[in-house]
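The values are calculated or read from the model by the stated rules, or taken from the named source; none is laboratory data. These figures come from a predicted structure and were not determined experimentally. Reconstructed Cβ throughout: ideal geometry from the backbone, glycine too, with neighbour counts over all protein chains shown. Ligands, DNA and RNA are excluded from the accessible area calculation, which covers all protein heavy atoms including side chains. Shrake-Rupley method; radii C 1.70, N 1.55, O 1.52, S 1.80 Å.
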Amino acid sequence: MGGSGSKSKGFWPFSGSGSGDDASKDGNEQTLARVRSFPGATPFVFTRRSSMYFDEDGDLAHEFYEETIVTKNGRKRAKLKKVQKNLTPQGIVKLDFPCIHVDFPVILCEA
């Protein structure tokens, strides 16, 4: 029940290679070394995509609202309207501390 039992070559650099002749034969399944097929791959993430935006004035925030005056039954009322145009994404942000990649196949625990 569950899986087919066959191991295919994964897309992520930390997934198994799919062949039986890798380093898992010598009992070294939980190694932090770089994978042979991806020599530049590490288990750490140093950057991420930011979720913040710049507006026309250069202000940085997650969301922008503008105040609009609505007249209803002769009464003026202020409402906030979300701005979704003319926003520029902040881009890639360097992390203060490296994080471990989500697809890293080693279970980490404190001994």
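Using a 1.4 Å probe and counting only protein heavy atoms, arrange Tyr53, Tyr65 so the residue with the most accessible area comes first. Could you put the intermediate results ahead of the total?
Details: Tyr53 85, Tyr65 120 Å².
Descending accessible area places them as Tyr65, Tyr53.
Give me the one-decimal nm value for the distance between modelled label points at Phe44 and Asn86, 7 Å along each residue's Cα-to-Cβ direction.
So the two model labels end up 4.2 nm from each other.
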